[in-house]
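Enquirer: What follows is a structure written as structure tokens; I'll ask about it next.
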2 protein chains.
Amino acid sequence: MVPLRVKEVRMATMHDVARRARVSVSTVSYVLTGTRPISEATRTRVLEAMAELGYQPNAMARGLASRRSRIVGLLMPMDERGLGATETAFVTGAAAAASAAGYHLVLSPVGAADPDVVRRLATQGMFDGVVLMEVQVDDGRVAALQEAGLPLVLIGRTGDTTGLSYVDIDFEQTVHEAVDHLVGLGHRRIVYVNHSASAIAAGYGPAVRTRDAFVAAMARHRLEPVMIASEDSAAGGRAALSAAVAQVPDLTAVLAMNESAIFGILGELAVRGRAVPGDVSVVSMVTSPQVAELVHPALTALTSPGAALGRIAMEALLRQLEGAAGQNHQQLLPCVLEIRGSTGPAAPPVGGAGGGAEPAGADPPDR
Amino acid sequence: MVPLRVKEVRMATMHDVARRARVSVSTVSYVLTGTRPISEATRTRVLEAMAELGYQPNAMARGLASRRSRIVGLLMPMDERGLGATETAFVTGAAAAASAAGYHLVLSPVGAADPDVVRRLATQGMFDGVVLMEVQVDDGRVAALQEAGLPLVLIGRTGDTTGLSYVDIDFEQTVHEAVDHLVGLGHRRIVYVNHSASAIAAGYGPAVRTRDAFVAAMARHRLEPVMIASEDSAAGGRAALSAAVAQVPDLTAVLAMNESAIFGILGELAVRGRAVPGDVSVVSMVTSPQVAELVHPALTALTSPGAALGRIAMEALLRQLEGAAGQNHQQLLPCVLEIRGSTGPAAPPVGGAGGGAEPAGADPPDR
DNA sequence: CTGAAAGCGCTAACAC
DNA sequence: GTGTTAGCGCTTTCAG
């Protein structure tokens, strides 16, 4: 059997290049980094030598000497159930941006629960900076990273964001837009299906912020906000819809932000014989077009700027690394409303008798 | 404005630890690596010193000196449309395995088209080894990696796999199982909806292998194999189903391997009034349970061992790195058949008009 | 069982 | 413009 050949080839070093080009190592280095002027003649000689030797600078050596690894970290919790489409988009967006700038992107699974792991990563000197995903409202990892003095950009945000850079979805705006869309169609009894109760309790930003925004948006229309927490699964969605109907039997619209539950919601509506959008309108927030198009009718959705978020966060981080001022980058991106087939005018109330087909006269809300 | 503080804290070095523990640097190093026996007394002193100083070994320095970065790469094409659930699972599985073994995982977007980028990555000395995803049947990146002498494990496989390590889905087995399941239910006119024609032409392994396996499986049952290529989107799936019906008007089963198209297929079936599974049975191959559960009835599917593939590939790579023999790891994992609601007995052939309006017996909406 | 010292391949003063 | 050289923080001989 042929023994495995590992690194049997000795790589050309800067020394080799220098000798071949008849210059000193520093000259080679300066050609590479452009840190000081080099005459066109020698630069050419050096470049030729490099090409001939197939020279590639050694990343570790360079990192050690320059104290800049050109590696950035993407820190994210990765539980067994995997990533949703939106989170996956963060990753690919960030990876593309890093790669385009000549940086390497290390994916580190780090639960929100262990700031110590983060601290260890931060002090290993491997990362020039990090992007932290799935930030909790109160997140120990942020402090750990800051103490280590590591440049940091969040996707999502903590409760107090002073001195922090972040990019996040504008949940307030998103929820308001969703609610306005439904109310504009005449809906009054709207139920919001949020993430799980435990996620809310844990201070998961999207869940908390949309909850508050929903309450505010409904209040603005003098409507009563009803929210149901749902596990992130089709089964959870079915249960949530059942709970919603139990609580508001004559609901005409469901607002959801739960890419997994949404399908359960639709399934349960179908089982109960409630047509979408004839009887019940459905809006899905923070959803990718791919997912929205999966069902029939396609979902009216607030499309999450997934890849853009990842890209922008990474670009902000890299700008920070490339010197520049220590300006904090704080940015909220709205989800854009894309109206598809799952929303329509509110059905007249089925309340007492089939009665008044009046489509939503100015109906003074309950209370 | 406050200037950005970056790495303002000087990290403790091995030297500091050595001084504090009153030993030499080498002793500290050996305590860390365990490469030679150290008396219990000094080891304790050293460990204490480390703890007191909050010492963390510098990854770059260690990498340079030992010529082992403890970084592995995950090379994957990342086009705009993002990753499917299965590919995402590869990534998370691999990341978890690497992290558990104390390795860092670098995500590198590398199209199958540019082996030069791969060559550059390979010779930078940043990676101890790499896992290559989305391998084409004839893939220039593999050769580039091998020439660089970099330990390598594929997820997927090339046409000729001699001397290569890989983990892949057993497509032959998977297709046969799917076809047998349908044939066992009495289906004869089965159409296979594959990936896009361009993917097949490009030699995308899963598309090519399932095509061949489908032909073989149908032949074994003396049935005629009809395959339709489909774009990876709901719209593509709708078009594919239309094409399928045009070609085989009385088809009773659709086999698909296209997580995106499958929803279009189901949608178009609904539009055409063909009940699932009453009129048409649907089997989805290489699909995650989450996706299968999304629709109603839930999809009978061949569940892809997504995260397991990523994990196993990474573990094989790490084993290779941790010395051991240069044994090639070649392994095929089957997808396991999970029968859900989308398959049932074949409907009797419809004579003239198209429309067995009978809802085909009791169809209790499970759960 | 422990130390001293020679690099790993590169960057960045410091010279000229 | 270019060369010399002292590190970067660690691993790993080579000596005891």
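The values are calculated or read from the model by the stated rules, or taken from the named source; none is laboratory data. Small disclaimer: the values here were computed from a predicted structure and weren't measured. Cβ: placed from backbone, ideal geometry, glycine included. Neighbour counts: every protein chain shown. Heavy atoms of the whole protein, side chains included, go into the accessibility calculation; ligands, DNA and RNA do not. Shrake-Rupley method; radii C 1.70, N 1.55, O 1.52, S 1.80 Å.
Enquirer: What 222 nm value per residue comes from the helices of chain A, counting each DSSP H run with n ≥ 4 as -39,500 (n - 2.57) and dividing by all residues, nearest 500 deg cm²/dmol?
Expert: About -12500 deg cm²/dmol.
Enquirer: At 7 angstrom along the Cα-to-beta-carbon line, where would the label on A:Asn328 sit relative to the other copies? Give the distances in nm, shortest first.
Expert: 5.6
Enquirer: While we're here: Over chain B, calculate the relative contact order: mean separation of alpha carbon pairs under 8 Å at least 6 apart, over the residue count, as a percent.
Expert: Here the relative contact order equals 16 percent.
Enquirer: Taking the label point as lying 7 angstrom from Cα along the Cα-to-Cβ axis, what are the distances from B:Leu53 to the corresponding position in the remaining copies, in ascending order and in nanometres?
Expert: Copy-to-copy label distances for B:Leu53: 3.5 nm.
Enquirer: Calculate the dipole size of the protein assembly as shown relative to its Cα centre from +1 charges on Lys and Arg beta carbons and -1 charges on Asp and Glu beta carbons; express the result in debye to the nearest 20.
Expert: 2880
Enquirer: Can you compute the modelled spin-label distance between B:Thr162 and A:Glu48, with each label point 7 Å from Cα toward Cβ, in nm?
Expert: Calculated label separation equals 4.1 nm.
Enquirer: Put +1 on the Cβ of each Lys and Arg and -1 on the Cβ of each Asp and Glu in the protein assembly as shown; which of B:Ala143, A:Val153, B:Met78 then has its Cα farthest toward the positive end of the dipole?
Expert: With unit charges placed on the Cβ atoms, the residue in question is B:Ala143.
Enquirer: Defining the label point at 7 Å along Cα→Cβ, can you sort the distances from A:Ala143 to the same site in each other copy, shortest first, in nm?
Expert: When each copy's label point is compared with this one, the spacings are 5.6 nm.
Enquirer: Oh, and also: For the range A:276-282, just list the computed ³J(HN,Hα) in residue order, Karplus coefficients 6.51, -1.76 and 1.60, θ = phi - 60°, integers in Hz, with x standing in for Gly and Pro.
Expert: 10, x, x, 9, 9, 8, 10
Enquirer: Next up: Give the residue list of trypsin sites (Lys or Arg not before Pro) in the range A:187-250 that are DSSP loop and have at most 13 other beta-carbon atoms within 10 angstrom.
Expert: A:Arg222
Enquirer: Once both axes come from the Cα atoms, what is the angle between helix B:306-321 and the longest principal axis of chain B, in degrees from 0 to 90, rounded to 10?
Expert: Once rounded, one gets 30 degrees.
Enquirer: Calculate the dipole size of chain A relative to its Cα centre from +1 charges on Lys and Arg beta carbons and -1 charges on Asp and Glu beta carbons; express the result in debye to the nearest 20.
Expert: Roughly 1660 debye for chain A.
Enquirer: Taking the Cα centre of the range B:1-119 as the origin and placing charges on Cβ (Lys, Arg +1; Asp, Glu -1), which of B:Met14, B:Ala41, B:Ala112 is farthest toward the positive end of the dipole?
Expert: Comparing the listed Cα positions along the dipole, B:Ala41 ranks first.
Enquirer: Give the angle, between 0 and 90 degrees and rounded to the nearest 10, that separates the Cα long axis of helix A:40-53 from the longest principal axis of the Cα atoms of chain A.
Expert: Roughly 80 degrees, rounded to the nearest 10.
Enquirer: Could you derive backbone 3J(HN,Hα) for the range A:86-96 from the dihedral phi with the Karplus parameters 6.51, -1.76 and 1.60 (θ = phi - 60°), listing whole Hz in sequence and x where the residue is Gly or Pro?
Expert: These are the phi-based 3J(HN,Hα) values: 5, 5, 4, 5, 3, 4, 5, x, 5, 4, 5 Hz.
Enquirer: Between helix B:205-220 and chain B, what is the angle of the helix's C-alpha long axis to the longest principal axis, kept within 0 to 90° and rounded to the nearest 10?
Expert: Here the helix axis deviates by roughly 40 degrees.
Enquirer: To continue, here is another question. Could you sort B:Glu224, A:Glu338, A:Glu52 by accessible area so the largest value comes first, with the probe set to 1.4 Å?
Expert: Working: B:Glu224 140, A:Glu338 60, A:Glu52 115 Å².
From most accessible down to least: B:Glu224, A:Glu52, A:Glu338.
Enquirer: With a 1.4 Å probe and all protein chains left in place, how much accessible area per residue does the range A:24-80 have, in Å²?
Expert: Working: 3090 Å² over 57 residues.
On a per-residue basis, the range A:24-80 sits at 54 Å².
Enquirer: If you take each beta carbon of peptide A:260-273 and count the beta carbons of other chains within 10 angstrom, what is the mean?
Expert: Across A:260-273, the average partner-chain Cβ count within 10 Å equals 2.
Enquirer: Now, a different point. Would you be so kind as to identify which of B:Gly184, B:Phe171, B:Val280 lies farthest towards the positive end of the dipole of chain B, taking Lys and Arg as +1 and Asp and Glu as -1 on Cβ and the Cα centre as origin?
Expert: Ranked along the dipole, the leading option is B:Phe171.
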